[in-house]
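Accompanying notes for the structure given below.
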Amino acid sequence: MSKSNMPIPGRRTLHGLFLIALLALLSACSSLRLAYNHGDTLLYWWIDGYVDLNTDQKGWVKKDIDELFRWHRKTQLHDYMQILQTAQRQLAAGPTQADLESDYDEIKNRTQLLLFKALPELADLARSLQPDQIAALERKFAANNAEFRKKNMKGDREAQQKFRYQKSMEQFELWFGNFTSEQEAQIRKASDARPLDNELWLDERQRRQKAILSAVRKVQQEKLGKDATMALLHTLIKDAFDRMEQPSERKAFFDQAEEGNIQLILTVIRLATPAQKAHATKRMQGWIDDFKQLAAEQR
């Protein structure tokens, strides 16, 4: 059947260093099971919001998403339970920097696995995109960049550091509960110690977006077959994940940013009281229980 190009989202990977941030996009929902069970619909809306699916595409895109979620439910959720159980043990013992680096690699590998699993469907989507849909994708990228500037680049350096700190605290409070003013002061110090260059992050976003647009235009203009399209998208995904590890003029900044994030997380865990750690452990257990039930459900 005729199918289309799904945009490959670039990842600002340094935000995902600690396993506690696993699947953070779902954590805003009070029930992970509720969020996961509606994940197929949310993903469909997300794709539609980028490329404005046409009538022909809508049916098989929904079917492909349903199949991807069935595979994910059957093959991945048990591993997620084990990952979270490891995180609980690390939190109790006090994680090392090596632990956090390993946790980050696990998250990265799981995300890559999901995208590579979806390569045939992504290739179908890529091959079906029309010029007006690629134009819609470009406009969506521009709108996202404007939103990034509005939120992350407003005001002077102090204002940007404060915004970054507040975003981090939203996640920390989600897992650990409330912090005292003394704890917050130390966390803010560790947050501000991280290198800050939102112009660079914006440029990285735009670089990934240009690569995506170039890829989907190449597929359309050269009428690439499915295998060639899959190979092109495979390279695009791999490059997005490997970018920060590869030698470049920005490698020193990426390394410093990663080190700063690790130290921020270690600071929060060091400052956390037994009650705050128990709060995080309980939340992780809730996710483990949710994953267990989700894996047992047949849909």
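The values are calculated or read from the model by the stated rules, or taken from the named source; none is laboratory data. Everything numeric here is computed off the predicted structure, so don't read it as measured data. Using ideal geometry, Cβ is built from the backbone for each residue, glycine included, and neighbour counts are taken over all protein chains shown. For accessibility, only protein heavy atoms count, side chains too; no ligands or nucleic acids. Shrake-Rupley method; radii C 1.70, N 1.55, O 1.52, S 1.80 Å.
Semi-axes of the equivalent ellipsoid for the stretch 119-243, computed as √(5λ) from the eigenvalues of its C-alpha gyration tensor and ordered from largest down, come to 39, 16, 13 Å. The apolar share of the surface of the stretch 176-299, taken as the fraction of accessible area on carbon and sulfur atoms (1.4 Å probe, ligands and nucleic acids excluded), comes to 51 percent. Here's the list of lysines a cross-link from Lys151 could span, going by alpha-carbon distance under 17 Å and ignoring same-chain residues fewer than 8 apart: Lys140, Lys162, Lys167. Projecting each Cα onto the charge dipole of the stretch 197-299 (Lys/Arg +1, Asp/Glu -1 at the beta carbon, about the Cα centre), which of Gly260, Gly225, Thr235 comes out farthest on the positive side? Result: Gly225. Over the stretch 225-299, accessible surface divided per residue gives 52 Å², non-protein components excluded, 1.4 Å probe.
Computed in the context of the full set of protein chains, the accessible area of the stretch 42-98 at 1.4 Å probe radius has 53% of its extent on carbon or sulfur. Based on alpha carbons, the Rg and Dmax found for the chain are 20.2, 60 Å. Computed about the Cα centre, the dipole magnitude for the chain is approximately 400 debye when only Lys and Arg (+1) and Asp and Glu (-1) carry charge, each at its Cβ. Between Lys162 and Lys223, the FRET efficiency estimated from the beta carbon spacing at R0 = 51 angstrom works out to 0.55. Ignoring lysines fewer than eight residues from Lys223 along the same chain, the ones with Cα atoms less than 21 angstrom from its Cα are Lys3, Lys210.
Averaging 1/r across all pairs of distinct Cα atoms in the stretch 194-299 and inverting the result yields a Kirkwood radius of 18.1 Å. Between the helical axis of 181-192 and the longest alpha-carbon principal axis of the chain there is an angle of about 50 degrees. Out of Leu43, Ser168, Gln57, whose Cα points farthest toward the positive end of the dipole of the chain (charges: +1 Lys, Arg; -1 Asp, Glu; placed on Cβ)? So the residue furthest toward the plus end is Gln57.
With 0.36 nm allotted per residue and the present C-alpha distance subtracted, the Glu245-Thr55 stretch has 64.3 nm of extension available.
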